[in-house]
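S.K.: A single structure is presented below for examination.
The values are calculated or read from the model by the stated rules, or taken from the named source; none is laboratory data. Treat the numbers as computed from the prediction; the structure is a model and nothing was measured. For neighbour counting, all protein chains shown are included, and Cβ atoms are generated from backbone atoms with ideal geometry for every residue, glycine included.
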Amino acid sequence: MIDPVTLAVIQAQLQQVCDEMDLAFSRAAFSPVIAEADDRSDGIYDAVDGALIAQGARGLPVFVGTMQFSTRTLIARIAAGETAPPEPGDIYIVNDPYLGGTHLMDVRFAMPVWREGRIFCWLSNTGHWPDTGGMVPGGFSASAIAVEQEGLRLPPVKLYKRGAMDRELWQVICSNIRVADQRIGDVRAQAAALLVGEDRLATLLDRWGEATVTAAIAEMRALAARQMRAMIAAMPEGSWRSRAIVDSDGVVNAPLTIALEVSRRGEQLVFDFTGSSPPCAGPMNSVRATTLSSVYLAVRHVFPDVPLSAGAFEPLAVRGIEGSFLDARYPRPVSGCAAEVSQRIAEAVFAALVQPLPALVAAAPAGTSGNFALGGHDPETGRDYVMYQISGGGYGGNADHDGLSNGCSTIGISKAPPVEIMEQRFPVLYRRYALHEGSGGAGMHRGGFGVDYEVELLRGVARASFVMDHGRVGPQGVLGGQDGGVNRVEILRGGEVVVPEHLSKAQDIPLSPGDRVRVRTPGGGGYGEPARRDPAAVAEDVRLGRYDARDAQRRFGGR
Amino acid sequence: MGGLVAGVDVGGTFTDLCICDPATGAVRLAKVPTSMPNQADGVLAAFAAAGAALAEVGLVVHGTTTTTNAVLERRLARTGLITTAGFRDVLELGRRTRPRPYGMTGRFVPVIPRDLRLEVDERMDARGRVLVPLDADAVRAAVGRLVAAGCESLVIHFLHAYANPAHELAAAAIAAELWQTPWITMGHALLSESREYERGVTAAVNAAVRPVLERYVGRLADELAARGYARELLVMNGNGGMVSARAVGREAVKTVMSGPASGVTAAVVTGRAAGMENLITFDMGGTSTDVALIRGGLAPVSNEIEIDYAMPIHVPMVDVRTVGAGGGSIARVDAAGLLRVGPDSAGADPGPVCYGRGGTRATLSDANLVLGRLPPDRFGIAAGDARAAIAAQIAAPLGLAVEAAAEAVVRLANTHMAGAMRMVSVSLGADPRDFALFAFGGAGPLHASALARELAIPRVLIPARPGLTNALGCVVADLRHDFLRTVGRPLDDADMAEVHAILAAQEAEGRALIAAETVAIEAVRAEFWADMQFLGQTHLLRVPLPHPRPARAELQAAFEAAYLARFRVSLPEIRAGLVNLACSVIATRPPVDLTRLIDPAGRRPTLAGALTGRRPVWFGGWQETPVYRRERLPEGVRLAGPAVIEQMDCTILIEPGDRLADDARGNLIVEVGR
């Protein structure tokens, strides 16, 4: 039995190893997706079962559980002889969604940490590459019907062998992805982060000894499980149902349903998704690792104090996803799983847990990454480009206050790019970047507001694609609160307003100079009965033009 | 007219004063409670407490938290914004963030409310070409509305004004005709760099704190003058330099880091004098702990300080990072039975249990007291309450003895602080082992040696007056002006003649500003930098330039060397980009004699003469430990831990295995035992 002080100190130090890996990765990375948007994560995993030991605090939340699945799969494949066994200095690369992943763009590296010829643990990290090939730049095709269309799929293979990069494999990868010349910077940063972790971990192991650290890791896992169980035990007994709707899969214009029943059984929470829609034709499928990770991240949003450790997930059981679009198998397309479906899953979890935990859980946040991609040719620079505008939206109201406006996605932590930087880099002009008025769902504490932006193409030709959600129904209000405003996409072309058939998803809509795209992102759901809102707060919102007066009257009632 | 130099720092709890006589080296000190809401009363009280006649004082340099508090508490002047049509909500929408990675909640209050943010037609493109001309009538109408709404300060912030400020200048001219406010801030004037949110917030904060700062400084200057002070009041800026009170308002936003800047300035000067040019500053107080990295005897400066959630201030200011709470950090055992310390804090009010002001939750200070590391007699009856709190809240649930529980709290707090300090070092590309730890603030010297051990830092430098360091920083501060201009081009395409012209112009402007100040100057120097990146990257690396006329190949080589040193990666495949050119012009003042911060008359000839008693202190077990009075320590003192050294403004802990020596300037240097 390890003493509580050593335990707490080792836990903090393991956490710092991961934080340092996060930092090393972001600071040296090229891709703005990693360097600026922190779309990456680093962690330490068990040598035997790949279970999560510690993870960087600034890692993207959607990766909270995924790397333990990919590491577990890698360990199993090595044991089964399907993947070559590691030697010191080897680093594996893998992005296969069906082997414990997300979408193809999330590329994982994994490296064993050796102590006296044995593997002590694994280090792994994920970085979102700007491109991994496939039918559209960036990988977010709204109309793919098979994973082969989405990009290059790598099983776990060694990118580094005995400390040196495998140049032949690298050339194969480079021949299959776009803007390959800049990826070398990201790959070196991703590998360097693991080496930083290895170095720091060695110091820690030298100091405490392997036996002590091993005991501490086991104890941490048990403690995290105990802490989560204590949280669960404090909830009332019962089961709570909820639903979340995905607008469409991008190919077939029909909604997909996530059906959920959460039950507290003693010190366990069971998340039963029975009744959810079957696998879909388009890319709005989720894979098992992403679905589980989405449940974990939603629970952590509710209990942010619980450590990031496999133990914290032990009391959470996920059932009923087999045969649904939440557990898609090869070759279902999956590009929407990490950015969109994951957030709908989290929304369902919030909507269920707010019933027993009204003080801790907020109404639904905007919950879409709002991916708008514009690809074209700029005659002024003579070059092709792909521009991404990822947007935020309103957060749900909560027991204490109104929702935040323009928060980042449930699964992300990144900042939006400035309009000025977008206009420097791409042939576009923003006509507006404003509050999406009226979008906050009415409630005792209203939802936050989304964004209302309009972009004009200045020159050359371009094609616009959208992978968004919440176009059909807004983020859910709770406890009598109303839903937030829906996501709206409009293309203003030659004096006409075009709305995509799938509302929030469309691919390759041609644009000419002067054409504009207007996007209004969702507001958050309202919390509690609108009539219970402080009249002064309603008046203030009207005075500030967040709602117009008649609209406010209708939503909040007159008194 | 007198020649005394006075530094006065107003902090959240105390107002500190340090007066030096350059002729004799004599020093007078005072520490009085900070007065609210008018900080000037506390400043005058400090002068009274020090027994100083203002007529004898030739220079007063002032560090203030007026603007910091105004922003954090949003007690701001009523301010209006005129901005580009379609973009008035930029200041409210921010950069699409949330306060913490987990937890879907949070609040944000924009600096300027929505009804005071007005739009006018005008538009530049990213290269500064006019797309829509400025609608002058709309500007007039907007000014009229803002005046009618009771605004007293104005921001004009247009998209791409960094590329072409013509519309901002024209709108400001129109506003100045109609409105007799002295307070008009143009976005491009403070920060000529792209990123509309950061530039806009910087300008908005400047506008909103400027009236507050100018009123306060004006009132203080009047009060000082009425009591005989005949010279100009100077104010400590966030960049570690000082500016005259009459000029401080124009860039009022730079004073939001005034306090931390003084501390770092004092550390630089003290370290240089002690022959230690690489320092990690460790300023631990009751409510927060701040860390900065000093390399080569230079204060670290950053253009990207965020003083609150979504409150970026992008002007050059000392890069001081808050790494956690201080003595008030709350300790608890969580639902799973794991010990936690922080991030919650009991703050200054009610504070730790041992303060006896109604605090009931066990804190780090309470743990220090239980272990005998703080003087029990100073806390009286509350010392027993502190012990009871540790016993009930920590020891009982963990099944430990009270001392073991308190030790665990201190150890975990040290682990967190050490980890955070390591992260700060690493994020700046430094290895803490190459530094000495400069410990100050009321609680810094209590934890410094343990932290140094944790970080493998070999040496701790404890200045003569740890609790008055910020006031001392005001006494020794330089004059300083910083400039930055965006170039934004691949290095291969940069016009090197233009590069040289920009740097030369920056230096000339800085020298002119310094020439206009009335303070005595010893020397003026200029430092030059380039912010660079590999094309395709978003992060910038600041590369020092040895002179203002670098050749292209020289820039390339300097960048590659800096990049390799920082990231251990070399990328010969990729071209370099030149993003910004920056220059700082720094005027040093005649040196101030700091050898008498501890009065030589009070020193005793032997160590035994400084001994005030012994008490048991816990180092894994009770050890009878000598307690010394700092002011009485003999010159040339040498001693081995364990020992406690107490002084007016703090308690210093020398742990077993550590060795302590002093230097000729009254600093204590601890060689940390392994």
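S.K.: Given the conditions (1) in contact (Cβ under 8 Å) with a residue 60 or more places away in the chain; (2) more than 9 Å from every other protein chain (Cβ to nearest Cβ), and given that A:Pro32 satisfies all but one, which numbered condition is not satisfied?
M.R.: Of the numbered conditions (1) in contact (Cβ under 8 Å) with a residue 60 or more places away in the chain; (2) more than 9 Å from every other protein chain (Cβ to nearest Cβ), the odd one out for A:Pro32 is (2).
S.K.: Quick test of your reading of the structure: A:Gly443 fulfils all but one of (1) modelled with pLDDT of 95 or more; (2) within 25 Å of A:Val498 (Cβ to Cβ). Name the failing condition by number.
M.R.: Tallying (1) modelled with pLDDT of 95 or more; (2) within 25 Å of A:Val498 (Cβ to Cβ), A:Gly443 fails exactly one: (2).
S.K.: May I ask you to say which residue of A:Ile2, A:Ile10, A:Ile44 is surrounded by fewer than 20 Cβ atoms within 10 Å (Cβ to Cβ) and of a type in the set (A, V, I, L, M)?
M.R.: Sole residue among the options that is surrounded by fewer than 20 Cβ atoms within 10 Å (Cβ to Cβ) and of a type in the set (A, V, I, L, M): A:Ile2.
S.K.: May I pose another question? Please count how many residues of region A:137-146 are under 22 Å from A:Pro279 (Cβ atoms) and either surrounded by fewer than 24 Cβ atoms within 10 Å (Cβ to Cβ) or acidic (Asp, Glu) (or both).
M.R.: 3
S.K.: Output the number of residues of region A:371-392 satisfying the condition of being touching a strand residue (DSSP E or B) at 6+ places or on another chain (Cβ under 8 Å), more than 9 Å from chain B (Cβ to nearest Cβ) and in contact (Cβ under 8 Å) with a residue 60 or more places away in the chain. Write out each step before concluding.
M.R.: Of region A:371-392, the ones touching a strand residue (DSSP E or B) at 6+ places or on another chain (Cβ under 8 Å) are A:371-378, A:383-392.
Filter once more, keeping what is more than 9 Å from chain B (Cβ to nearest Cβ): A:371-378, A:383-389.
Applying the additional criterion that residues be in contact (Cβ under 8 Å) with a residue 60 or more places away in the chain yields A:371-378, A:386, A:388-389.
So the count comes out to 11.
S.K.: Which of the following residues is closer than 12 Å to A:Gly524 by Cβ, of a type outside the set (D, E, K, R) and in the same structural domain as A:Ala537 (by TED's automatic domain parsing): A:Gly382, A:Gly393? Step through it out loud before you land on a result.
M.R.: Numbers: A:Gly382 fails: closer than 12 Å to A:Gly524 by Cβ.
Going through A:Gly382, A:Gly393 in turn, just one is closer than 12 Å to A:Gly524 by Cβ, of a type outside the set (D, E, K, R) and in the same structural domain as A:Ala537 (by TED's automatic domain parsing): A:Gly393.
S.K.: Among the residues of region B:155-179, which ones are in contact (Cβ under 8 Å) with a residue 40 or more places away in the chain, under 34 Å from the mean Cα position of the chain (by Cα) and either more than 20 Å from A:Arg432 (Cβ to Cβ) or away from chain A (no Cβ under 14 Å) (or both)?
M.R.: Matches in region B:155-179: B:Val155, B:Ile156, B:Tyr162, B:Asn164.
S.K.: With in contact (Cβ under 8 Å) with a residue 12 or more places away in the chain and either in contact with a Lys or Arg (Cβ under 6 Å, 6 or more places away or on another chain) or among the β-branched types (Val, Ile, Thr) (or both) as the only criterion, which of B:Ala55, B:Ala23, B:Ala40, B:Ala49 stands out?
M.R.: When all the criteria are applied, what remains is B:Ala40.
S.K.: I'm checking my understanding of the structure. Among residues of region A:41-52 that are of a type outside the set (A, V, I, L, M) and on the phi < 0 side of the Ramachandran plot, which one is nearest to the other protein chains (Cβ to nearest Cβ)?
M.R.: Out of the qualifying residues, it is A:Ser41.
S.K.: Looking at (1) among the polar types (S, T, N, Q); (2) closer than 21 Å to A:Gly65 by Cβ; (3) more than 11 Å from every other protein chain (Cβ to nearest Cβ); (4) not in a helix (DSSP H, G or I), which is the only condition A:Ser342 fails?
M.R.: (4)
S.K.: Keeping to region A:62-77, report how many residues are buried (at least 24 other Cβ atoms within 10 Å of the Cβ) and part of a helix (DSSP H, G or I).
M.R.: Result for region A:62-77: 8.
S.K.: Let me ask something else about it. What do you reckon, is B:Glu646 assigned to a strand (DSSP E or B), over 33 Å from the mean Cα position of the chain (by Cα) and not basic (Lys, Arg)?
M.R.: It is false that B:Glu646 is assigned to a strand (DSSP E or B), over 33 Å from the mean Cα position of the chain (by Cα) and not basic (Lys, Arg).
S.K.: Of B:Val323, B:Val353, B:Val291, B:Val370, which residue is more than 14 Å from chain A (Cβ to nearest Cβ), at negative phi and within 16 Å of the chain's Cα centre (by Cα)?
M.R.: So the residue among B:Val323, B:Val353, B:Val291, B:Val370 that is more than 14 Å from chain A (Cβ to nearest Cβ), at negative phi and within 16 Å of the chain's Cα centre (by Cα) is B:Val291.
S.K.: Can you report the number of residues in region B:419-432 which are over 19 Å from the mean Cα position of the chain (by Cα) and either more than 8 Å from chain A (Cβ to nearest Cβ) or closer than 23 Å to B:Pro352 by Cα (or both)?
M.R.: Looking only at that region, the number is 4.
S.K.: On to the next question. Out of the residues in region B:409-418 meeting the condition of being over 24 Å from B:Ser302 (Cα atoms) and more than 8 Å from every other protein chain (Cβ to nearest Cβ), tell me which one is farthest from the chain's Cα centre (by Cα).
M.R.: Only one residue fits best here, namely B:Val409.
S.K.: Give, as residue ranges, the helices (runs of 4 or more DSSP H) completely inside region B:371-462 that count at least 2 residues that are farther than 20 Å from B:Gly296 by Cα, among the small types (Gly, Ala, Ser) and without any contact (Cβ under 8 Å) to a residue 60 or more places away in the chain. Talk me through it step by step, then tell me what you get.
M.R.: Working: elements: B:382-390, B:402-427, B:444-454.
Filter on region B:371-462 gives B:382-390, B:402-427.
S.K.: If you scan region B:94-122, which residues turn out to be touching a strand residue (DSSP E or B) at 6+ places or on another chain (Cβ under 9 Å), basic (Lys, Arg) and facing chain A (nearest Cβ under 8 Å)?
M.R.: B:Arg95, B:Arg96, B:Arg98, B:Arg114 - these are the residues of region B:94-122 that are touching a strand residue (DSSP E or B) at 6+ places or on another chain (Cβ under 9 Å), basic (Lys, Arg) and facing chain A (nearest Cβ under 8 Å).
S.K.: Oh, and also: Report the residue count in region A:278-329 for those that are within 14 Å of another protein chain (Cβ to nearest Cβ), part of a helix (DSSP H, G or I) and among the polar types (S, T, N, Q).
M.R.: Looking only at that region, the number is 2.
S.K.: Identify, please: which residue in region A:393-405 is within 22 Å of A:Asp469 (Cα to Cα) and at the interface with chain B (Cβ under 10 Å from one of its Cβ atoms) and is, among those, surrounded by the most Cβ atoms within 10 Å (Cβ to Cβ)? Reasoning before the result, please.
M.R.: First, pick out the residues of region A:393-405 that are within 22 Å of A:Asp469 (Cα to Cα): A:393-397, A:403-405.
Checking the rest, the ones that are also at the interface with chain B (Cβ under 10 Å from one of its Cβ atoms) come to A:393, A:395-397, A:403-405.
On the way: A:Gly393: 37, A:Tyr395: 33, A:Gly396: 40, A:Gly397: 34, A:Gly403: 35, A:Leu404: 30, A:Ser405: 29.
Among those residues, the one meeting the criterion is A:Gly396.
S.K.: Just for region A:225-258: of the residues that are assigned to a strand (DSSP E or B), in contact (Cβ under 8 Å) with a residue 24 or more places away in the chain and within 22 Å of the chain's Cα centre (by Cα), which one is nearest to A:Thr368 (Cα to Cα)? Before the answer, list the steps.
M.R.: To start, the set of residues in region A:225-258 that are assigned to a strand (DSSP E or B) comprises A:238-246, A:256-258.
Filter once more, so that each one left must be in contact (Cβ under 8 Å) with a residue 24 or more places away in the chain: A:238-246, A:256, A:258.
With the extra rule that they be within 22 Å of the chain's Cα centre (by Cα), the set shrinks to A:242-246, A:256, A:258.
Details: A:Ser242: 18, A:Arg243: 16, A:Ala244: 13, A:Ile245: 12, A:Val246: 10, A:Leu256: 15, A:Ile258: 15 Å.
Among those residues, the one meeting the criterion is A:Val246.
S.K.: Does B:Ala126 satisfy the criteria of being more than 12 Å from chain A (Cβ to nearest Cβ) and either modelled with pLDDT of 95 or more or over 26 Å from A:Gly525 (Cβ atoms) (or both)?
M.R.: Answer is no for this residue.
S.K.: Taking region A:78-106, which residues are part of a loop (DSSP other than H, G, I, E, B) and hydroxyl-bearing (Ser, Thr, Tyr)?
M.R.: Answer for region A:78-106, where residues must be part of a loop (DSSP other than H, G, I, E, B) and hydroxyl-bearing (Ser, Thr, Tyr): A:Thr83, A:Thr102.
S.K.: Does at least one position in region A:347-370 carry a residue that is in a helix (DSSP H, G or I), in contact with a Phe, Trp or Tyr (Cβ under 6 Å, 6 or more places away or on another chain) and in contact (Cβ under 8 Å) with a residue 40 or more places away in the chain? Working first, answer last.
M.R.: Initially, region A:347-370 is screened for residues in a helix (DSSP H, G or I), giving A:347-353.
Restricting the remaining residues to those that are in contact with a Phe, Trp or Tyr (Cβ under 6 Å, 6 or more places away or on another chain) gives A:352.
So of that shortlist, the ones also in contact (Cβ under 8 Å) with a residue 40 or more places away in the chain come out as A:352.
Yes, that holds for at least one residue.
S.K.: Identify all residues within region A:1-23 that are of a type in the set (A, V, I, L, M), in a helix (DSSP H, G or I) and more than 8 Å from chain B (Cβ to nearest Cβ); write none if there are none.
M.R.: Selection gives A:Ile10, A:Leu14, A:Val17, A:Met21.
S.K.: Could you please let me know if A:Ser409 is within 10 Å of chain B (Cβ to nearest Cβ) and buried (at least 22 other Cβ atoms within 10 Å of the Cβ)?
M.R.: Yes.
S.K.: State yes or no: is B:Ala520 surrounded by fewer than 17 Cβ atoms within 10 Å (Cβ to Cβ) and in a helix (DSSP H, G or I)? Steps first, please.
M.R.: On the way: surrounded by fewer than 17 Cβ atoms within 10 Å (Cβ to Cβ): yes; in a helix (DSSP H, G or I): no.
In short, no.
S.K.: Something else about it: Checking the structure you have, find out if any residue of region A:107-124 is in contact with a Pro (Cβ under 9 Å, 6 or more places away or on another chain), assigned to a helix (DSSP H, G or I) and not hydroxyl-bearing (Ser, Thr, Tyr).
M.R.: The answer is no; no qualifying residue exists.
S.K.: Within the group B:Glu554, B:Glu573, which residue is under 15 Å from B:Pro490 (Cα atoms), within 14 Å of chain A (Cβ to nearest Cβ) and either more than 29 Å from the chain's Cα centre (by Cα) or in contact (Cβ under 8 Å) with a residue 24 or more places away in the chain (or both)?
M.R.: Only one candidate passes the filter, namely B:Glu573.
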